[in-house]
There are 2 protein chains.
Amino acid sequence: MAEYTPLPLILAAEQFARLPGIGMKTAQRLAYHVLNMQSADVEHFANTLISARESVRCCNVCQNFTEKETCVLCTDERRARAVICVVESPRDVTAIERAGGFDGSYHVLHGLLSPMDGTGPEQIRMKELMTRLSGDVSEVIMATNPTVEGEATASYISRLIKPMGIKVSRLAYGLPVGASLEFADDVTLVRAMENRNLI
Amino acid sequence: MAEYTPLPLILAAEQFARLPGIGMKTAQRLAYHVLNMQSADVEHFANTLISARESVRCCNVCQNFTEKETCVLCTDERRARAVICVVESPRDVTAIERAGGFDGSYHVLHGLLSPMDGTGPEQIRMKELMTRLSGDVSEVIMATNPTVEGEATASYISRLIKPMGIKVSRLAYGLPVGASLEFADDVTLVRAMENRNLI
């Protein structure tokens, strides 16, 4: 932005540009938009963000975002507590719940192990997961993303849990439903072949 | 978002979704991001927006955004005040300044006439433009967008100003530099032909 652009406008654009997926061009457009909003609307927007950050905490059981001490899913009597599905982020919980078909409980790590970025077991909610494993947990499903970090985190946690006599499973790799063989990448295709099922 | 999603998170996403060009999916991603930010950073972000909205006003001459009574461009002695370039928004000023080659002054309408949306001459900065025309203004350049509303606004203002003996001009239509004839739309091509220049 040029030298005649008011500084507060530039600062607002810089703040928007720090959000994920928002480039400088979009950030400037949003900053200009804020100046055209009613003052009351800008304040309401700002306060909503502050209040979201202040009032939402992590569930003391599964670490998913919630307003209460313990989240709705963890207090739901119908959910099986013996099965824990471990995910990277709260958005993964939303994805699995949207898909349906899972009635166990969750554990949100809020990150993945990534030595390159300095993320070790202490930076993610590992300790909280381990304290849940005493008692009647029968299976831990590792539902981290099929990426290098997701794989590494799944196998690290699996190595810790297996000695405790708890079953550890991993989401299946294979062809996405509706996809075409022609466009599947080689790794996926090899996995789909290895994990073939009798019909 | 599902029923187990904390309400403040939903409200934050709804606020983001009201920004231009931000869909519900992106808004949710941004809302989740806010929860992962440091509290202090969220407050800083929120306060930057409020302060931008509060401290930036419209220049009392050209109506462009500024922190002062009169903006930098309007107080610059080197800018010709006899030529006024009329644009829709502050971002258009930035575009023309970036391109260079114009050393007159600006007038920002903050909108275009659009009877369908209920935007009449009172809703845009028409009155402020007319008060500037007394005295030594020699030319008004209508640099509104080449759209239906931009055209309508340009011709409306032109009809008001011409009787005052002031020259009114319009940005040239033609082929964008570097474009290919093959992909030019018909209207642009007809205009480029009509406005051809001797070489």
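The values are calculated or read from the model by the stated rules, or taken from the named source; none is laboratory data. Since the structure is predicted, the reported quantities are computational estimates derived from the model, not experimental observations. With ideal geometry, Cβ positions are generated from the backbone for all residues, glycine too; neighbour counts draw on all protein chains shown. SASA here: full protein model, heavy atoms, side chains in, ligands and nucleic acids out. Shrake-Rupley method; radii C 1.70, N 1.55, O 1.52, S 1.80 Å.
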Q.
Which of A:LEU19, A:LEU160, A:LEU175 ends up with the largest GNM mean-square fluctuation for chain A, with Cα atoms connected below 10 Å?
A. A:LEU19
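Would you mind giving the average projected area, over all directions, of the Cα convex hull of the range B:105-191 in nm² with one decimal? Display every interim value, and only then the final one.
On the way: hull surface 28.4 nm².
That works out to 7.1 nm².
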**Q.** Estimated vicinal HN-Hα couplings, Hz - the range B:70-77 in sequence order (Karplus 6.51, -1.76, 1.60; Gly, Pro = x)
**A.** 10, 6, 4, 5, 6, 8, 6, 5
**Q.** Residues whose placed amide H lies under 5 Å from that of A:CYS71, excluding near-sequence neighbours
**A.** A:ASN60, A:VAL61, A:CYS62
Q) Out of the DSSP beta bridges found with both residues in the protein assembly as shown, what percent are antiparallel (nearest 5)? A) 20
Q.
Please list 3J(HN,Hα) in residue order for the range B:85-92, calculated via the Karplus relation 6.51 cos²θ - 1.76 cosθ + 1.60 where θ = phi - 60°; whole Hz, with x for glycine and proline.
A. 9, 8, 10, 6, 9, x, 5, 5
Q. Hey, in the GNM for chain B with a 10 angstrom Cα cutoff, which one of B:VAL187, B:VAL137, B:VAL93 fluctuates hardest?
A. B:VAL187
Q) Taking springs between alpha-carbon atoms closer than 10 angstrom, which of B:ALA52, B:ALA172, B:ALA27 fluctuates most in the Gaussian network model of chain B? A) B:ALA27
Q. Under the classification rounded if a/c is under 1.5, otherwise prolate if a/b is larger than b/c and oblate if not, where does the range A:1-103 fall, given a ≥ b ≥ c as square roots of the Cα gyration tensor eigenvalues?
A. prolate
**Q.** Gyration tensor (alpha-carbon) shape descriptor, the range A:43-117, a/c threshold 1.5
**A.** oblate
Q: Using only protein heavy atoms and a 1.4 angstrom probe, determine the accessible area buried between B and A, summed over both sides, in Å² to the nearest 100.
A: 4800
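Tell me, what is the FRET efficiency for B:GLU97 and A:GLU67 to the nearest 0.05, using R0 = 30 angstrom and their Cβ-Cβ distance as r? The partial results should precede the final answer.
Working: r = 48 Å, r/R0 = 1.59.
Efficiency, from the Cβ-Cβ distance: 0.05.
If you take every residue apart from A:ALA152 with its C-beta less than 14 Å away from the C-beta of A:ALA152, what net charge results, scoring Lys and Arg +1 and Asp and Glu -1?
On the way: positive: A:ARG159, A:ARG170; negative: A:GLU88, A:ASP117, A:GLU149, A:GLU151.
For residues surrounding A:ALA152, the net value is -2.
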Q | Dimensionless Rg/Rh of the protein assembly as shown - Kirkwood Rh, Rg from C-alpha atoms | A | 1.13
Q: Would you mind computing, in nm to one decimal, how far apart the modelled labels at A:MET193 and A:MET130 are, each placed 7 Å from Cα along Cα→Cβ?
A: 4.0
Q: Quickly work out the A:GLN38-to-A:LEU160 label distance, labels modelled 7 Å from Cα along the C-beta direction, and quote it in nm with one decimal.
A: 5.1
Q: Identify all lysines with a Cα-Cα distance to A:LYS167 below 24 Å; exclude those on the same chain that are fewer than 8 residues away in sequence.
A: A:LYS127
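Once you sort the root eigenvalues of the Cα gyration tensor of chain A as a ≥ b ≥ c, which label holds: rounded (a/c under 1.5), prolate (a/b larger than b/c) or oblate (the other case)?
Working: a/c = 2.31, a/b = 1.60, b/c = 1.44.
Prolate is the answer for chain A, as a/c is 1.5 or above and a/b outweighs b/c.
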